[in-house]
Every structure is written in structure tokens, then in C-alpha cells.
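Notes follow once the structure below has been shown.
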Amino acid sequence: QLWHYGRLCLRSLLYNSFTNSDVVLDSLFEPVYWLVDHVPFPQVFVALVIGLTSSIVAIVYICLLPLILQTYTPAWICWHLTYGHWNLIMIVFHYYKAITTSPGHPPQVRTTRHQRYRPLTPGAAWLNNCVGHYNHRYFFSFCLFMTMGCIYCSISAWDMFRDAYAAIERMKLLEKDRLQVAANQTYYQTPPPTFSFRQRAFHKSVVYLWVLCSSVALALGALTLWHAALITRGETSIERHINKKERQRLQKKGKVFRNPYSYGSWDNWKVFLGVDVPRHWLTRVLLPSPHPPHGTGLSWELPPCVREQRVPLLAI
């Protein structure tokens, strides 16, 4: 009885009908949000992203590219040079724009489409910026192209990674045998190493590249898929919680919830990417483009890429 009484008291003090696993997770992350607000972690994260990305690019140019030029066919060389540099340009452009573009500021504290995300989303910490109406496309594009680049590096370097890992294991065994032999003999100087410094650095760099790219591809790929699902439904991360509650509330009344900001899956992507005419798939999606999003974040007129007006009803 004492346990049930204590549980009842706790629920009477803390119960909230809007509480779910997402709210609990957000509450647990509040100390992290406070730290990021008061401690200059974002600047450290930005420097870390730039440093890690630069290290991968340096390894590709110094270690992998010469090997590709020596062993691959001309067709594969053209493919790697073209795709690799295109992917790198897209990553650098969208990361720079996501950092430097203001997300937008609502005129007062209220729930608006302009304030599309909380001040710190699961990506804004390493942007040193909020993710909002004006830089949402840059943020998502950076995540997408970074994931594509990491997958590309992981697949391209897979054979090199296996050879490098086997070589490192062989280095350890030979080093162990060399030390055992040296312990049983008398030398006036230390015996020369079995592998040169350049060989060791090459193999370790390839292993570092593959492990880092594979890890980032998995983690960032999951985040990218989550944001892609939100874009497909025409929602923001905040509206996901609101719409979920509204959907459950109206379902109990026998009604169907309809997102007033959704134009349909395909049109949602066209609105988000700014694809008004077919050529924009090339000039605005496959190439770097600084075009602004539709609307101001406060007013939402029908975008030109949407074929027909949909009735903005919350429930039908």
C-alpha cells in the first residue's frame, strides 16, 4: 500500500497528458542544451567537423588518389575524379551556408512556421547555428551529401582497408618477433624496423579513413533519414509532436487529422528543395544554389510548384 500511495503522489505531481517518450527524451537532453547555450561547445564542434573532414580529404589526395591513378582504368579514374570532387563541393557549400545563413527570427515568442526547430536540434550543435526556415535546406543537404560522401569513401576504400588492416596485424607480429630475437642477441644498435614509417602511416591512414567514414555514414545516415521522413510528411520536428497528439485526439472522436502544411509527399519535396520548374532539379538540387525558400516562415502562400490548392483543414 505504501508503494501505491507513493506512486499516486508522484503521478499527481508529475502527470501530464502530453508526456510521451519524445518529451521525456527532450527533458533528459535539457542539461545538454544548457551546456551548449552557456559553454562554447558549438565552436569546438565546428572545428572538429572541419578538422575531421579535412583529414579525410588529405588522406584521399595523399594516399588513395595516387594509387587510383596508377591502378584504375581511365573510365574509373574519370568517375572517381568527377564524383568525388562534385560531392566535396556540395558538402563544403552546404555546410558553409548552413553555418552562415540566419535561420530567421519570429517577431515574438509564439508557435510559427518560421521557427521550424528548437534553438538546438540534433545537428545545430555542430553548426553553431539554429536550424530554421532559411537554412533548413542547407542543413539537410549537408547531412545528405556528407552521408553520400562517407558511403562513397567506405565502399571505394573497402579493399584497401582489408589489405591495410592485414598489413597492420602483420606489422605487430613481425615487431613482436623482432623484439624477441633482439632480446636473445647482442646488438650495438637497435635493428632496423621491418616496415618503413611511410608504410606504417599509409596503412594506418587507410584504416582511420574507413572506420571514420563508416561510423559517420551510419550515424549521420540515420539522422538524414529521420529528417527526410519529416520533409515527406511536411512537418518540422516540433510539429511532429503536435500532429501526433492531434492525430490521437481526433481519432478518439472518429475524425481524421490532416496536416495543413502538407501538399503531398512529392510536392513537399519540391517545395522544400525549391523546384519550381524541371530544370531546377539540375540547377538547384544537383548543383550548389543559394536560392531562398518559399515564403517568409510566417505567411504561406501556395508555392508555384504545387499543382492545386489543398483545403487547409485540421480535421475532416
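Of all residues in segment 259-305, those satisfying the criterion of being more than 21 Å from the chain's Cα centre (by Cα) and on the phi > 0 side of the Ramachandran plot are Gly264, Gly295, Gly297. The test for being surrounded by 14 or more Cβ atoms within 10 Å (Cβ to Cβ) and in a loop (DSSP other than H, G, I, E, B) holds for Glu235. Is it the case, given these coordinates, that Gln251 is in contact (Cβ under 8 Å) with a residue 24 or more places away in the chain, open to solvent by 60 Å² or more (accessible area, probe 1.4 Å) and in a helix (DSSP H, G or I)? For Gln251, the condition - in contact (Cβ under 8 Å) with a residue 24 or more places away in the chain, open to solvent by 60 Å² or more (accessible area, probe 1.4 Å) and in a helix (DSSP H, G or I) - is not met.
Is at least one residue of segment 257-277 crowded, with 18+ Cβ neighbours inside 10 Å and free of Cβ contacts under 8 Å to residues at least 12 places away in the same chain? Within segment 257-277, not a single residue is crowded, with 18+ Cβ neighbours inside 10 Å and free of Cβ contacts under 8 Å to residues at least 12 places away in the same chain.
Note on segment 195-230: residues that are in contact with an Asp or Glu (Cβ under 9 Å, 6 or more places away or on another chain) and assigned to a helix (DSSP H, G or I) total 4.
This table checks each residue for (1) surrounded by 21 or more Cβ atoms within 10 Å (Cβ to Cβ); (2) farther than 30 Å from Phe45 by Cβ; (3) at pLDDT below 90; (4) charged (D, E, K, R).
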site	(1), (2), (3), (4)
Arg118	no, no, yes, yes
Ala124	yes, no, yes, no
Leu127	yes, no, yes, no
Arg162	no, yes, no, yes
Pro192	no, yes, yes, no
Ala217	yes, no, no, no
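The values are calculated or read from the model by the stated rules, or taken from the named source; none is laboratory data. Because the structure is a prediction, the values reported are computed rather than measured. Quick reminder, even Gly has a Cβ in these numbers, built from the backbone with ideal geometry, and neighbours come from all protein chains shown. Surface accessibility is based on the protein's heavy atoms, side chains included, excluding ligands, DNA and RNA. Shrake-Rupley method; radii C 1.70, N 1.55, O 1.52, S 1.80 Å.
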